Structures are given as structure tokens and as C-alpha cells.
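The values are calculated or read from the model by the stated rules, or taken from the named source; none is laboratory data. The structure presented is a predicted model; accordingly, all values stated were derived computationally and were not measured. Cβ: placed from backbone, ideal geometry, glycine included. Neighbour counts: every protein chain shown. With ligands, DNA and RNA removed, areas are computed over all heavy atoms of the protein, side chains included. Shrake-Rupley method; radii C 1.70, N 1.55, O 1.52, S 1.80 Å.
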Amino acid sequence: MDPLSYLARLWHNLTHRRKVERELDQEMTAYLALLADESSPRDARLETGGIQQLKEQVREVKAGFFMQTILQDLRYGWRMLRRSPTFTLVAILALALGIGATTTIFSIVYGVLLRPLPYPAGDRIAFVFNHFAPQNAEHGTLSIADYLDWKRGNHSFESAELYRQSLFDVTGAKDPEQVQGAYVTAGFFSMLRVQPMMGRTFLPGEDAGNAPGVAVISETWWRSALGADPQILGRKLNLNGVPSTVVGIMPSSFGFPRPTYKVWTNVRLIPPTRRGPFGMRGLGRLKPGVTFAQAQLDTNAIAHHIELENPKTYHRMTMPVLPLRDGLVGNVRAALLAFLAAVLVLLAIAAVNVACLLLARATSREKEIALRVSLGAASGRLIRQLLTESLLLSMLGGAAGCVLAYLGVAALRAWNPGNLPRIEEVRLDSVALAFAVVVSALTGILFGLAPAFQTGRDKLASSLREGGRGGTARAGRRLQALLVMGELALALILVTSAGLLIRSFVLLGQVNSGAQAPPENVLSMKISPIASKYRNSDQIIPFYKRVLERAQATPGVLYAGISDSLPPDRQYDYDTFVIQGQQLPPGEINPAVTCPIVSPDYFRTLGIPLVRGRFFTEHDTENAPPVVIISESMARRYFPNENPLGRRLKASGPDLNGTPFMEIVGVVGGVRYTGLDDQPADAYYQPYGQTMYYPRTNLVVRSAGPAAGLASSLRRTVRDLDPDTVISDVTTLEEALGASVVGPRFRTMLLGGFALCALLLAAIGIYGVIAYSVAQRTQEIGIRMALGAPRSNVIGQVVTEGLRLAIAGTVLGVAGAFLATRLLSSLLFAVKATDALTFAIGPLILIAVALLASFLPACRAALVDPVIALRHE
């Protein structure tokens, strides 16, 4: 039969089933009549072997028979599920939880780690960093001098570009505003191969040192802040005091390196007079045929040449090359993969739970299935029927799981915990839905195999003879026990992992930021005067002096200070230094340390204790001898066994030889400027009256009570002094501390939620096994109680059965946890992956849950009426 004819017959058989059956009946009647003409009716029936059997043989060779049996199995399976609504609801909820959580985490992993980058041939783009001693940053930034040397010596990149992230104080639009953006070289957009929605991007040469300011803005900012002004192209905006002409608008789909960026303006490549300052990131597109490894060799050769020419600045210099995706993702890969592993464990627990439910249900259906076997049903046909039911159940659970996954992805995108990179790429799309379908199908097959293969013909025949109390039930109990032990082991792995993260987060929350003042009593705000108004220290220092005077006079304010750096993670600048009279090995330089610029009352405002010497005073001005205060950790490291007061230091570098040394006049407590999970920073503080050279800084005040209510009055104070000043990042220290741990908090909450779900599912699993065992042994329990066994013995025996399962599962789980928790090592703070306390508490929790789950059916067993139990069948 040709394919078209076969498809036509298939369509006819599937869509006209009743008509086909009537035609088959007519054919059988005609056939029997024909045989009856040649022999007796009885002989005719004997010759056919049975009319129904003959019909079945005819159906099996018809086109679409297999599909018809599948549909028949689905209809029968649906009827069976409807007959047991409680079982069906529990199974669907368990599967929905597992599949929904798995699909949600997969959507994040795919969007962040696997989805193709939104740039043509994005896998050919690379970051280029700078790594050298004494700064030793793994992915350090470049200076303009480094970039120019890289561009001149480059042989691997068809385009070598540069960008620097920045905050822009914008005036010339509506109200003064601070937005995120970047300074970029002229070929930045063409290297990414992206096109503007309106206007143009930068032209060659617009990054020259004498080029006028030009800017490209984002569509979202154009619509939200600029009212979608159609005349925006050609209009000037002041970006950090520099007039810049808007030449283009990028579509909302573009956001490099983050979607929160609103403006890109041209960097001026002024020929440098020194190697610093740093802060730039290289970005390039590989030439055809060049690999990342070859590019790395090329950039390292350039770095070696730079080091040879600048031995006083660089030591052991390399220029790491990192694929664009790896650079954008950062250090979240390990956390996401750990979450994916955890959620797959949760899915396995849910599948095991449903398998146990199906095993119990299959035992209750032994008579039905055994009767079908006795009537001639093949074992393969029965197994297919049971697998179809489990697949139907898993698909229903998968559909419900997709709804949960949609809600979960929407919540994660709205929350964006821990500033998850590429969050805009996370969505429940066709790939995630296909993943959910595959996971649902595999889960259905896996948890359906156990009850399906319990339907062996010999076992079922034995079950039919023994009234359902034969070997099949016993084998089912053994298999259920094994599954529950595995479920408990998997649950313990999640509980232990969550326990480690909880311990880590608790210890992180107990870390002292270095500020002794009550965090709710400290308020900070970033103040950004227009740079064109305050071009030098003679202009900016008097402005901040007035700000401090007015802030100090505000009702409720105890102390007021300014600083360009704040705890727990707002370090602004760091630099190397040299100590007067210090002898270092040839070619060596002290490492870079934090160097905040502060006002006299900054330390009192945050409650940073004075260890030795004095704080800064109002007399520490540019006309006074230069002074400096160092942190306690810096004093211990660089002035061991001596008093640092009176010693002198200064910032190092070949271009700073003429700068004077500063006398150390005080030592203060350590402060964490680079995160709570880092050590208190080695730091030297300089007084703003001697050092303030850039107008943007932080105003920080301390009050006797909660300081959040001071925000509006302080805003007015600053705006009264200069209406064009941009004010941003208004937050209490308490809020800043909370924001600094949002990533660890999210990881802890997520894995803790998985662990709670695992415990709940494990409790349901062990409850189901023990309850099923009690139901199967009702007659035995009744006999024992009729013979005088006390109820306490019955309860003890049932609970002991659950305890044995729990202990066996715990042993397996501890071994698995020792291996699995090593994946979390990079996510832990002050806790080892093999923390003894966590590994002791986890099994205790699991055993307690198992005992509670066993106690309920044990009590029910103890309440069995012996008379009724003896009649139980």
C-alpha cells in the first residue's frame, strides 16, 4: 500500500471508529453465514476459534490499530484516575512540585548559562583584563595606556575596544538624575554588531582626545525620563558636567553589560602621561580562525612587553582573555549548577513518592489485573497499560508544574535576587516547555516501571489463587521499602546542603561590618554636584563644609560626615603605597589597599573606634601638614611590634615621586569595604580638607533613633545649597547590610525550601509505606491483639519498622551528602563542606520526621478491633 493510501485508511479508521466496527460486525456475520452453508453453525464457530478473537486479529492488522489501543489505554487510565481522586490529586501535586521547581531552575540555567548571546557571533567576543602584582585582581581593569599598547600589538582580534562603567549625573533633561552607563570607544557598537533603533552609533575618530561629547541612550530611558521626545536626536545633555549630543537610541533589547544601563558616551583617548588610572575593560572580537587560547598567548606577550617597559608599575603581568558569556555570568555558575542538582534530587524524591503510591495501588488492583491475565491478556499489553497510566499522571503533573514554573520565573525576574546576570534572558519559552515535557515523560516512565513489572503473569496467577495476599504483596512491600530508603537518603542530602547554607548565612549575618553604630540609626546618600561647577578643591571643599554644617544642624542628627567609601561593600578607590624608610626587595611594591577620603566626624558617625592617636580635625586642611589615619589591620601587618604613630607613608607609583609623605596620626578599627564575606580592609584614610579632588561622595549621618525619617530634610538641605546636585542611593546602613547579603539569602531560602519539600515528601513516603504495611497486616495484628498483645507492643513494632527504614536511608544519605556538599564549597562562608554539627543535626531531623510519620499509622494499628481484624481479607 502506498503511503497516501495508508494515511487515508488511517484517518478513516481513527475518525469513523463506530462505522468501522459496524463494517467489521457485518463482515464477521457474512463470514459465519458462508461457513454455515458448508458446515453446521457449531462447527463454523469452532473453526473461527471464537468470534471475538477473530475480530481482535482483524483489528490488529488494520491501519491505526496501535494508535487506537493507545487512545483506549488513555481513556481507561483517565477513568481509573477519576475513580481515585485523592490518590490522583496527591500524585499530581507531588509531581507538579518536582517538575515545576525543576523547570524553573532549568529556565534560569538556560537563560543565564546556555541561551545564545544577543549579539551576532557572540561566542567570538572576549573580555580582556589586566592581572599584575601588586594589585593581584583576578580580572583587573586596564588603563588607557594598557589599552593603547594592546591595540597596537594586537594580532588576534579584528576589533579591540574599551569601555568603563560609570554613574552619570544627568542635567539638561528634566530634574537632575543619576543613571548607569558607560564610556566606550568609537568601535564599541560596531564590534558588537548591533544597530540603533533611531539615529546612529559612534563614528570612527569620535574617541579622539579632542572629540566633542556624543551619546547614545537606551529606548527605555528615552521613553521613561525623556518622554519619548521625537526631537531628542541632536539635543545636548550634560553627562557629569560634559555637554554631549544625543546621536542615537538603542532598542530596549540591548543592554551591555547590564540592561540597567541607560547611556553610552564616547571616551576620550587622550595620550596618557602615566600608566594609571585603571578602571577600563577591554572587549574584542576574535579574527576568523583564532581560538581563545591563541588570543591568550598573544595578549600575554603584549603584557610581558608592557612589564619590561614599566618595571616600577607592573610585576608578573598577564592580560587574561575570557569569553564574553563567562565574563557576564561571573561567579554564579557554581550556584546555578548546585541548584539544578538540588532540584533534580527533589524531582527524584517526588517520583519515588509517586512510585510508592502506584505500587500500593497496583497491589489493590491485583485481582483485576490477574483476572485480565487469566482471560488471555498478554503481560506486555498490561505493562503498556500501566505505563500509559503513569505517563498520563506525569503529564498532568507536568502541566501543573508548568503553571508553577511560569509563576516562579515571573517572581524571580521581578525580584532578581542577588543581581542575577542576564536575568532578562530568563523566561518560560519553548525550550523550557520542551524540557518540562521530556522530564515529565521520563519521570512517568521511571516511576511507572516499578508497578508495571510487578504484574508478572506467574505472580498474578498466584495472587488470584491466594486472594491478593501472596508473593506480589510481599514483593511490593520490599520494593516500597527500598524506594523509601532511597527517598530518605536523597532528602538527607538536601537537608544537609541546606543546613550548610543556613549555618553559613547565620555566620555571615553575625559579621561586624566595622561600624559600631546601630545600623538603623545611620543614613547615607550619594551626593553628586555638577563637575563643571566644582573644578578644583578650592570650590568643592567649601561646598561640602557647608553641607556638613547644615546636616549637623538638622534636628535629630548627632554626627555628620562624608566619605567616598562606605561599609559593607562600597569601596570607591584603592591604591598602592610606600612607607618612608621602608626597604623592599628590588622591584617589589606594597600591595594595593583601600584609601577612603573622609571628613573629621566620619569615624564618630559610623562608630568606628579609635585605637591609637587621634581622629582628623577641622584644622587638617591643605595648609596644614599632610596626615593620614590607618586601619588596625594595616598597622599590624606593616608596623608589627612598633607604634605606627609618627611614621609616614604616601601613595606609590613612578608618577607620584613628588607628592609629600603623610604622617600617621591615628589608628582605627577595621572596616569591611569589600563585602561582609571579606576580611576588614587594610586602609589608610585621608582628610577631605587635604585630598578632596572629585565632587561625588557620600553624606552619612547618625541619629539617636531610626534615621530613615531624616532623608527628606537632608535632601532639602543639599538642594537648598545647590539645586543642580544629584542625590541618589538614599539608604540606611541596616538596608545596605541587608542588600549586601541578598545573594546568600536567596541561595539559602531556595535550597532551604527544597529541603523542606524533600522532608515533607519523605514523610509522606514513609507514612505511605508504613500505612500500607499496617493495612496488609491487619489480620496478623488482630490475631496478636486477640492473643493478648498490648497496644504498646503493636505501636513499638510499627514505629521500629519505620525507624529501620529511616536509619538505613540515613546511612546512605550521609555517604551521599559527603560527596554532594563539596559542590557547595564556593558558596559557604566560615563553614566547611563537611561541617560536623550540620552532619549531626541533619540525620537527627530526618529520623525525627520518620518517627513522626511512622507514629500515626502505628496509632491506627493499635486501635484495630481484633474481631473486625479477624474478618479482614
Query raised in the report: In region 570-617, what count of residues is obtained for those that are in a loop (DSSP other than H, G, I, E, B), open to solvent by less than 10 Å² (accessible area, probe 1.4 Å) and aliphatic (A, V, I, L, M)?
Result: 1
Report task. Please work out which residue is surrounded by the fewest Cβ atoms within 10 Å (Cβ to Cβ), limiting yourself to region 485-540 and to residues that are outside any helix (DSSP H, G or I) and β-branched (Val, Ile, Thr). Result -> Ile530
Query - Selection from region 185-209 of residues that are of a type in the set (A, V, I, L, M) and either outside the structural domain of Leu142 (by TED's automatic domain parsing) or under 20 Å from Arg235 (Cα atoms) (or both) - result: Ala186, Met197, Met198, Leu203
Query raised in the report: For Ser253, are the conditions met, namely being of a type in the set (Gly, Ala, Ser), open to solvent by 20 Å² or more (accessible area, probe 1.4 Å) and more than 27 Å from Gly327 (Cα to Cα)?
Result: no
Query raised in the report: Failed condition for Val718, given (1) part of a strand (DSSP E or B); (2) touching a Ser or Thr at 6+ places or on another chain (Cβ under 6 Å), with all others met?
Result: (1)
**Report entry** region 226-238 residues that are within 25 Å of Thr725 (Cα to Cα), paired with ones that are open to solvent by 50 Å² or more (accessible area, probe 1.4 Å) and outside any loop (DSSP other than H, G, I, E, B) (beta carbon under 6 Å, 6 or more apart)
**Finding:** Lys236/Pro243
Query raised in the report: Do you know which residues across region 661-694 are under 30 Å from Ser532 (Cβ atoms), in a loop (DSSP other than H, G, I, E, B) and open to solvent by less than 10 Å² (accessible area, probe 1.4 Å)?
Result: Tyr673
Query - Filter result for Arg193 (free of Cβ contacts under 8 Å to residues at least 12 places away in the same chain and of a type in the set (Lys, Arg)) - result: no
Query raised in the report: Which condition breaks for Val170 when tested against (1) over 17 Å from Arg285 (Cβ atoms); (2) in a loop (DSSP other than H, G, I, E, B); (3) of a type in the set (Val, Ile, Thr)?
Result: (2)
Report task. Go through Val769, Val774 for me and flag whichever is within 42 Å of the chain's Cα centre (by Cα) and either surrounded by 19 or more Cβ atoms within 10 Å (Cβ to Cβ) or in the same structural domain as Val343 (by TED's automatic domain parsing) (or both). Result -> Val769
Query raised in the report: If the Cβ limit is 8 Å and pairs must be 6+ apart or interchain, which residue in region 325-353 that is within 15 Å of Ala762 (Cα to Cα) pairs with which residue that is open to solvent by 40 Å² or more (accessible area, probe 1.4 Å) and of a type in the set (Val, Ile, Thr)?
Result: Asn353/Ile764
Query raised in the report: Among the residues of region 558-580, is any more than 30 Å from Leu812 (Cβ to Cβ), free of Cβ contacts under 8 Å to residues at least 12 places away in the same chain and in the same structural domain as Ser633 (by TED's automatic domain parsing)?
Result: no
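Criterion first (in contact with a Leu (Cβ under 9 Å, 6 or more places away or on another chain), open to solvent by 10 Å² or more (accessible area, probe 1.4 Å) and either under 27 Å from Val332 (Cα atoms) or at pLDDT 95 or above (or both)) does Tyr119 satisfy it?
yes
So which residues in region 221-253 are within 21 Å of Arg193 (Cα to Cα) and touching an Asp or Glu at 6+ places or on another chain (Cβ under 8 Å)?
Across region 221-253, the qualifying residues are Ile249, Met250, Pro251, Ser252.
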Query raised in the report: Across region 818-829, which residue is most open to solvent (accessible area, probe 1.4 Å) among those that are among the hydrophobic types (A, V, I, L, M, F, W, C) and either without any contact (Cβ under 8 Å) to a residue 24 or more places away in the chain or touching a Gly at 6+ places or on another chain (Cβ under 7 Å) (or both)?
Result: Leu819
Requested in this report: State whether one or more residues within region 810-830 are more than 29 Å from the chain's Cα centre (by Cα) and either part of a helix (DSSP H, G or I) or within 17 Å of Ala755 (Cβ to Cβ) (or both).
Outcome: yes
Query raised in the report: Residues in region 168-196 that are more than 32 Å from the chain's Cα centre (by Cα) and at pLDDT 95 or above: how many?
Result: 3
Query raised in the report: Can you name every residue in region 372-423 that is within 30 Å of Asn331 (Cβ to Cβ), open to solvent by 60 Å² or more (accessible area, probe 1.4 Å), modelled with pLDDT under 90 and not hydrophobic (A, V, I, L, M, F, W, C)?
Result: Arg413, Asn419
Report task. Check region 724-744 and report whether any residue there is in contact (Cβ under 8 Å) with a residue 60 or more places away in the chain, part of a helix (DSSP H, G or I), closer than 21 Å to Met485 by Cβ and open to solvent by less than 70 Å² (accessible area, probe 1.4 Å). Result -> no
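Here is a yes/no grid of residues against (1) touching a residue at least 24 places away in the same chain (Cβ under 8 Å); (2) not aliphatic (A, V, I, L, M):
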{"position": "Pro586", "(1), (2)": "no, yes"}
{"position": "Ile597", "(1), (2)": "yes, no"}
{"position": "Thr605", "(1), (2)": "yes, yes"}
{"position": "Ile608", "(1), (2)": "yes, no"}
{"position": "Arg612", "(1), (2)": "yes, yes"}
{"position": "Phe615", "(1), (2)": "yes, yes"}
Report summary line: Screening Leu699, Leu737 for residues that are within 20 Å of Asn512 (Cα to Cα) and within 37 Å of the chain's Cα centre (by Cα) leaves only Leu737
**Report entry** Positions within region 125-152 being small (Gly, Ala, Ser) and open to solvent by less than 20 Å² (accessible area, probe 1.4 Å), in sequence order
**Finding:** Ala126, Ala133, Gly140, Ser143, Ala145
